[in-house]
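Scroll down for the structure; my scribbles are underneath it.
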């Protein structure tokens, strides 16, 4: 998972891009980058680390221009090296810089096609570089038609025909303007906004609507599946719906964990969806465990807080903050290696013993993925004096790899893969374990929105909306497991 933003301004945009990336920092902590367009000159800065660590005053001063894009990276593909930070750049046709959120599932065959047929060399293992080069090739195919919106949209339609997987992308095209586009299934989010300045309209394309709120842009729309938006250098907005668009199936894990609660994604309030998750989970507990002996409900901060509140209310049980988070430690789920995630749990969380001592405690989390965090927190609760420690997950068991941009590619790393709920309970050390049902989760997220055809719930049900080539998951296991990543980091 990554965060992307593009701004078409009427004054220098670097400072606003910086602010936007800090707002999106929850979507990626591995690397950050910006590219601005100043006339026909592109100026870029990128590096490994948090936004505040990558950009200093000198770098910011060099990012001149009224149009620009930015990216925060969360490592799912590639070797996590500085040359894989985004935006990435190619110089033909015209010059293109691109930032990408998502993951392609046919990048291997595409890379071969680019080299053997399109005569383009991909220099990293990043699928984002593949996406960029496919876009560049498709633009070159249509270049004879000139630099105009129809040329760009024809090229993006070509991208949709060739690229399989999830992608929400922003791009700068020299001499053309700012482009944003979303994959035909709408798996990854992208929103479009506008504001008026003294000299004309300004536009923004971003991963989440919270960026628009904070930077003062008015929300226009979510980009639809297969839709492109192009703001040309004369300040005009052009939109195009591809005939490659499919049924709208956004990633359900955006609502479970990744997105900020103050965001709207596909006309759904992330905050409201999480409230409904808590209500559905409470209904299940009351249905299956009506004589429960829970004394207190405690959220595992931060994402589960919203679901935990209505759950406690419906169970008529006290809600307490028993786990205090050190906010200077990053999100453990998106840390690049299992060892780093495990070491960070105790550094990140501490217990308030009074809330655990001699009580039957229900811990609530948004999801249980690898089980490492859950096991350690349950032990922390016991060490704090809890009588019994129960665990509830606002989402179903994660049993399958996610291939669309979330770092859970290896089934062997998923605690619920191939195991019963009772086996998972024993492994994490809980006295009782309750999971949300998938039907309830999807109903909670959808609410009253009938415009969404379904969800990519593949990490729960193993059904991949784009389809996968035979042997893809086995190859992914060998390529992107934590053990392989660690070996590559040591070699690199």
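Tell me the strands (runs of 3 or more DSSP E) entirely within the stretch 1-87 that contain at least 1 residues that are farther than 23 Å from residue 182 by Cβ. Write out each step before concluding.
On the way: elements: 3-8, 31-38, 41-48, 67-73.
Once the strands (runs of 3 or more DSSP E) in the stretch 1-87 are filtered for at least 1 residues that are farther than 23 Å from residue 182 by Cβ, what remains is 31-38, 41-48.
Going through 16, 27, 46 one at a time, which residue ends up being free of Cβ contacts under 8 Å to residues at least 60 places away in the same chain and under 30 Å from residue 303 (Cα atoms)?
Working: 16 fails: free of Cβ contacts under 8 Å to residues at least 60 places away in the same chain; 27 fails: free of Cβ contacts under 8 Å to residues at least 60 places away in the same chain.
Result: 46 is the single residue among 16, 27, 46 that is free of Cβ contacts under 8 Å to residues at least 60 places away in the same chain and under 30 Å from residue 303 (Cα atoms).
I'd like the full set of residues that are surrounded by fewer than 24 Cβ atoms within 10 Å (Cβ to Cβ) and in contact with a helix residue (DSSP H, G or I) (Cβ under 7 Å, 6 or more places away or on another chain), limited to the stretch 379-395. Step through it out loud before you land on a result.
Quick first cut of the stretch 379-395, residues surrounded by fewer than 24 Cβ atoms within 10 Å (Cβ to Cβ) only: 379-380, 382-385, 387-388.
Within the stretch 379-395, 384, 385 meet the criteria.
What residue, of 261, 225, 301, is within 25 Å of residue 390 (Cα to Cα), touching a residue at least 12 places away in the same chain (Cβ under 8 Å), assigned to a loop (DSSP other than H, G, I, E, B) and under 24 Å from the mean Cα position of the chain (by Cα)? Steps first, please.
Details: 261 fails: within 25 Å of residue 390 (Cα to Cα); 225 fails: within 25 Å of residue 390 (Cα to Cα).
Among 261, 225, 301, only 301 is within 25 Å of residue 390 (Cα to Cα), touching a residue at least 12 places away in the same chain (Cβ under 8 Å), assigned to a loop (DSSP other than H, G, I, E, B) and under 24 Å from the mean Cα position of the chain (by Cα).
Please go through the stretch 117-158 and give me each residue that is in a helix (DSSP H, G or I) and within 16 Å of residue 100 (Cα to Cα), ordered by number.
Just the residues of the stretch 117-158 that are in a helix (DSSP H, G or I), to begin with: 127-141, 143-145, 149-158.
127, 128, 129, 130, 131, 132, 133, 134, 135, 136, 156, listed by residue number.
Output the residues belonging to the stretch 116-139 that are out of contact with any helix residue (DSSP H, G or I) (no Cβ under 8 Å at 6 or more places or on another chain) and surrounded by fewer than 18 Cβ atoms within 10 Å (Cβ to Cβ).
Listed by number, the residues that qualify are 116, 117, 119.
Got a number for residues in the stretch 82-105 being in contact with a helix residue (DSSP H, G or I) (Cβ under 8 Å, 6 or more places away or on another chain) and farther than 19 Å from residue 36 by Cα?
3
If you scan the stretch 272-324, which residues turn out to be at pLDDT below 95 and either over 22 Å from residue 378 (Cα atoms) or touching a helix residue (DSSP H, G or I) at 6+ places or on another chain (Cβ under 7 Å) (or both)?
Matches in the stretch 272-324: 303 only.
With modelled with pLDDT of 95 or more, assigned to a strand (DSSP E or B) and touching a strand residue (DSSP E or B) at 6+ places or on another chain (Cβ under 8 Å) as the only criterion, which of 380, 391 stands out? Steps first, please.
On the way: 380 fails: assigned to a strand (DSSP E or B).
Only one candidate qualifies: 391.
Please enumerate the residues belonging to the stretch 159-170 that are in contact with a helix residue (DSSP H, G or I) (Cβ under 7 Å, 6 or more places away or on another chain) and either over 21 Å from residue 118 (Cβ atoms) or part of a strand (DSSP E or B) (or both). Talk me through it step by step, then tell me what you get.
Filtering the stretch 159-170 for residues in contact with a helix residue (DSSP H, G or I) (Cβ under 7 Å, 6 or more places away or on another chain) gives 159, 162-163, 167, 169.
167, 169, listed by residue number.
The values are calculated or read from the model by the stated rules, or taken from the named source; none is laboratory data. This is a predicted model, so every value here is computed, not measured. We place every Cβ from the backbone using ideal geometry, glycine too, and count neighbours over all the protein chains shown.
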